[in-house]
Amino acid sequence: MGTDILFENHNIKEIQEIEKKLRNDIERKKEELRQMVGERYRDLMEAADTITEMKEIAESVTNCVKSIEDSSIHLQNSSLQNGILSAIQEKVEKKKQRNELLYILASQIKILMDSPIKIWSYMENKDFVYALSLFLLARHTHSMLLLDPIYRERNVASMFPIINRQWTSISHFKHLLLQNCHTVLTVQGSEPEDVAGPLCCRCILLNSSLQQIFLEILDVRKDVLSSIFRPEKSAKDQICEFVTVVQSTFKIIHVLLYPEDKNESNNGYRTNVLYKEILNLISKEKPGPVSLLDFQSSPTFKFLPSSITDFRPSLTLTLEPCCAEFLRPKCKDWLNYIQESFQTELRSLLNYVNSVQSLALIREAVFDKLCEVKNWDKICNDLLNQSFSIWDSFLKNCFWERIETIVNEQVKSAVEFCEKDVEETLYKIGLKTENICKNLDDQLESVVKDISYFSCLQSQQQEDSFPKDSTNSNQKLAKELSKDASGIYKYLTQAVEKHLFDSSSYIETNLLYLEKEDDTYENSCRIIFLGHLCYGIGNLCPHINCTLSIETLTKYIERYDKPISKMTFSAVSLKENELWKVLKKKLLDLSASAFQLWSKYQIQHVLNNINSDLVTSSAEGLLKAILSWDKVEIQEESEQGNAVNSVLRIPQHISTPVANSLFTFCCKLNAIGGYAMNSDVRSFISKELLIGLLNIYKQKIDASNEGFNSRLLQVQSLQLLFDVQFLVGLLVHKGNTCDTISTSSQYIINTAISHIDPFDMDVFSVPLQQNIKKALQKSLSLFGLLASPDQVSYLNSIKSPLMSGQMDHNIMPCCNTGSRFPLLPLSSKSSIVTTNESQEQFSAQPKELDGKNMTSRLLPWAVVGLEIKRCTREILAYGIAV
């Protein structure tokens with residue numbers, strides 16, 4: 001009890017009582033100690049006396065023994081010595097024989113005692129042959145102790161129970177050795193030197209022939225192959241393990257069982273090792289199993305009987321090596337079995353691989369595994385009597401089928417994604433054509449990049465993967481694998497061809513459907529979208545060209561894989577192959593068909609507007625259609641011979657309804673990217689528009705001729721003649737003329753001329769033609785999309801005398817590399833004056849037309865601002881992304 005606790009729990013008086021009690025206890029203990037020391041002292045003295053007495057007795061015994069020895073010596077020298085000694089020797093000899101038997105028995109029991117530890121030690125060190133030898137020695141020793149007549153007569157087993165107990169602890173080693181043999185065979189990458197010892201144990205323990213061992217090897221390796229395919233491992237690991245098992249199986253069989261050819265130089269490569277190992281084990285010339293126990297330095301060794309020291313393992317049957325004729329058919333049957341049994345498993349494994357790049361990595365790992373086995377060609381030639389490739393027999397077809405599926409799915413996905421975008425755009429009008437084409441091209445590029453990993457592997461194998469000591473078989477294997485890239489290119493080419501031609505048919509079907517639908521704004525947008533899509537795929541997707549030809553694809557990948565050329569090389573620089581030309585032509589034809597379909601609808605709108613606005617039978621229609629005319633001064637000679645100056649008025653602009661409708665149509669054409677259209681499409685549009693316009697003019701003329709009071713005036717005829725010749729000069733392209741155009745235009749021109757005074761016609765013809773050329777040249781900025789490129793070049797080359805003064809508004813026609821279309825002409829004071837004068841002359845116009853319809857009587861150039869605003873609104877409403 002501590003002092004702190006003592007003072008906390010007791011008062012001073014109680015503490016004093018406790019102190020007093022403790023002091024009394026101390027004194028009492030001291031007294032007891034004194035008493036105990038006094039009593040033990042007496043015992044100590046008694047013990048000392050006893051020791052002294054013992055010493056004296058020992059000395060007396062020693063003296064007695066010495067006297068007995070002296071007496072024995074004396075007796076030997078006496079006369080009775082011979083008779084007594086012979087009797088003693090017989091007894092000693094019997095006793096010696098009895099002791100020697102015990103020593104022999106003890107030495108054999110020692111073998112049983114030492115064997116378990118030694119066997120365990122050898123098994124832990126993978127020395128299965130030594131462990132087998134000791135086990136067989138212990139079994140032989142146990143049998144001798146039980147079956148020998150001498151030991152049986154003396155009932156040694158009952159006298160020494162340890163014999164049976166030790167054998168009980170040793171007997172289970174047979175099962176362990178057989179189990180280890182099976183375990184070593186189940187290791188996937190077992191080497192022949194690792195398997196030789198366990199197979200030797202199995203052969204001796206089960207008394208099996210080498211032929212039976214060979215069949216057991218094949219059966220166990222079948223089970224090993226079956227255990228490979230487990231879902232928790234990756235496809236790459238399982239395929240590599242499959243290759244390893246097949247290779248190691250053949251190598252084990254060849255090294256351990258194939259008969260050795262003495263006439264052939266193997267360069268250190270051994271065969272028939274198992275047969276030699278068993279012969280060494282059972283040979284009498286080699287040290288026996290007893291040598292493994294280290295008994296030579298022990299006295300026990302000299303008591304071992306010869307039946308133990310001379311023991312060697314043995315076989316009851318005659319050991320014969322396997323012949324090649326026996327091995328070859330069995331090996332072929334084994335290969336056929338695993339091909340039938342595991343081909344489906346290999347295919348199902350590859351179904352989890354979703355890219356050619358991953359397949360390339362698996363293939364590279366397989367190649368590394370195949371290169372690990374040396375002398376593979378020799379092994380296959382010996383065991384199969386032919387060359388054999390694991391890649392070609394088991395994996396190649398599986399890989400190619402999976403690659404074909406992956407490539408087909410990737411291309412199909414790209415095309416389906418494109419078609420999905422097309423479908424969404426057709427009904428939502430949201431995506432841009434350029435984005436759709438770019439997405440398709442990017443996905444095809446990713447497919448090409450994916451399969452290019454096989455080509456990368458090819459170059460690496462040929463340049464980097466061979467060490468200096470690589471065998472010819474490895475180099476041959478790499479070359480065979482590198483040839484497989486062309487097969488992948490073929491798969492890609494076929495997939496792209498199939499799906500893209502199907503996609504073009506899908507677009508064509510949509511166009512046919514839209515052609516049957518009503519002419520609405522939405523349908524027009526869809527038609528234009530499909531036209532631009534076909535045109536964009538044909539021009540913005542260069543990787544389609546790469547993937548439609550094996551030669552083009554090979555060239556692209558070879559140049560793409562080079563680090564130097566990757567920065568400067570693009571798919572656009574490749575030459576177009578024949579299949580791409582066919583597909584591109586089909587796409588461009590579809591694009592042209594879409595634009596032509598759209599143009600038919602729009603031309604019909606234009607013709608309807610012109611037909612309603614162009615009136616030839618009233619003064620009001622004449623005022624709406626005819627603009628200010630040009631004044632041309634001519635000098636004539638009167639009958640008296642005097643010179644008379646007169647002013648002629650001739651048209652210098654086309655009719656207002658025609659000009660406005662053409663300008664509106666050009667704005668719409670420009671909004672959908674008409675400047676990027678094929679010249680044949682624009683030629684078709686111009687041709688159809690011209691035919692429609694000529695039909696309208698023809699109908700108007702015919703209607704005027706049939707009316708009683710609607711005969712064409714000379715002014716109307718001149719304007720009509722100007723309009724038709726202007727339209728023919730603007731819209732007739734090289735190669736798009738036809739009999740309809742020629743017939744209609746000539747009929748209209750002849751009819752218009754018939755309503756003009758012949759004398760005036762002779763005077764008007766030259767300045768009229770000049771004004772037509774001027775009007776054509778000035779109209780190129782507005783109607784250039786409808787004009788022929790040849791016509792544009794010709795009109796831009798005209799300088800003088802058609803254009804001078806204020807009309808020569810810029811220097812673009814003088815420039816050899818100028819823009820296709822000249823700038824808009826500038827308004828001049830003279831033109832304004834002319835306009836005012838023309839308004840005064842046509843004073844018969846009703847007053848209500850002065851404000852509302854004034855723009856109809858102005859020059860197209862004066863109303864350009866209004867038209868641009870109106871057409872801009874239409875363009876924005878279209879929303880067509882070019």
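The values are calculated or read from the model by the stated rules, or taken from the named source; none is laboratory data. In this text, all values refer to a predicted model and were calculated from it rather than measured experimentally. Every residue, glycine as well, gets a Cβ built from its backbone with ideal geometry; the counts of neighbours run over all protein chains shown. Each accessible area value is taken on the protein alone, full model and side chains, heavy atoms only, with ligands, DNA and RNA left out. Shrake-Rupley method; radii C 1.70, N 1.55, O 1.52, S 1.80 Å.
Working from label points 7 Å from Cα in the Cα-to-Cβ sense, the ASP294 to ASP49 distance is 5.8 nm. Just the number, please: carbon plus sulfur as a percent of the accessible area of segment 240-350, 1.4 Å probe, no ligands or DNA/RNA counted. Carbon and sulfur atoms account for 47 percent of the accessible area of segment 240-350.
The GLU637 and SER754 beta-carbon pair, evaluated with R₀ = 22 Å, returns a calculated FRET efficiency of approximately 0.20.
Among residues other than ALA643 with Cβ under 11 Å from its Cβ, the summed charge is -2 (Lys and Arg +1, Asp and Glu -1). Working from label points 7 Å from Cα in the Cα-to-Cβ sense, the VAL582 to PHE326 distance is 6.1 nm. The slack in the chain from SER387 to ASP589, taken as 0.36 nm per residue of separation less the alpha-carbon distance, amounts to 67.3 nm. Ranking ARG139, ARG40, ARG221 by solvent-accessible area of protein heavy atoms (1.4 Å probe, all protein chains present), from largest to smallest, gives ARG40, ARG139, ARG221. If you take every residue apart from SER413 with its C-beta less than 13 Å away from the C-beta of SER413, what net charge results, scoring Lys and Arg +1 and Asp and Glu -1? Around SER413, the surrounding residues sum to -4.
Keeping all protein chains in place, calculate the accessible area per residue for segment 134-232 (probe 1.4 angstrom), answer in Å².
46
Multiplying the residue separation of LYS30 and THR318 by 0.36 nm and subtracting their alpha-carbon distance yields 94.4 nm.
Average accessible surface for segment 325-421: 46 Å² per residue, computed with a 1.4 Å probe over protein heavy atoms with every protein chain in place.
Full extension of the chain between ASN164 and ALA106 yields a length gain of 19.5 nm, computed as 0.36 nm times the residue separation minus the alpha carbon distance.
For the set ARG23, ARG28, the ranking by accessible area, highest first and with no ligand, DNA or RNA atoms included, is ARG23, ARG28 under a 1.4 Å probe. Give LYS251/LYS332; LYS631/LYS778; LYS174/LYS302; LYS396/LYS584; LYS233/LYS449; LYS286/LYS374 a once-over and call out the pairs whose C-alpha atoms are over 23 Å from each other. Long pairs (Cα-Cα over 23 Å): LYS174/LYS302; LYS396/LYS584; LYS233/LYS449; LYS286/LYS374. Charge tally around GLY536: other residues with Cβ under 11 Å, Lys/Arg +1 each, Asp/Glu -1 each, net 0. Once you order the gyration tensor axes a ≥ b ≥ c over the Cα atoms, which shape class does segment 728-794 get: rounded for a/c under 1.5, otherwise prolate or oblate by comparing a/b with b/c? Oblate is the answer for segment 728-794, as a/c is 1.5 or above yet b/c matches or exceeds a/b.
Ranked from highest to lowest mean number of other Cβ atoms within 10 Å per residue, what is the order of the peptides 47-53, 348-354?
348-354, 47-53
Just check segment 327-394 against the gyration tensor rule for me: Cα atoms, a ≥ b ≥ c as the square roots of the eigenvalues, rounded for a/c under 1.5, and otherwise prolate or oblate depending on whether a/b exceeds b/c. Verdict is oblate for segment 327-394. Here segment 160-215 and segment 652-671 have alpha carbon centers that stand 102 Å from each other.
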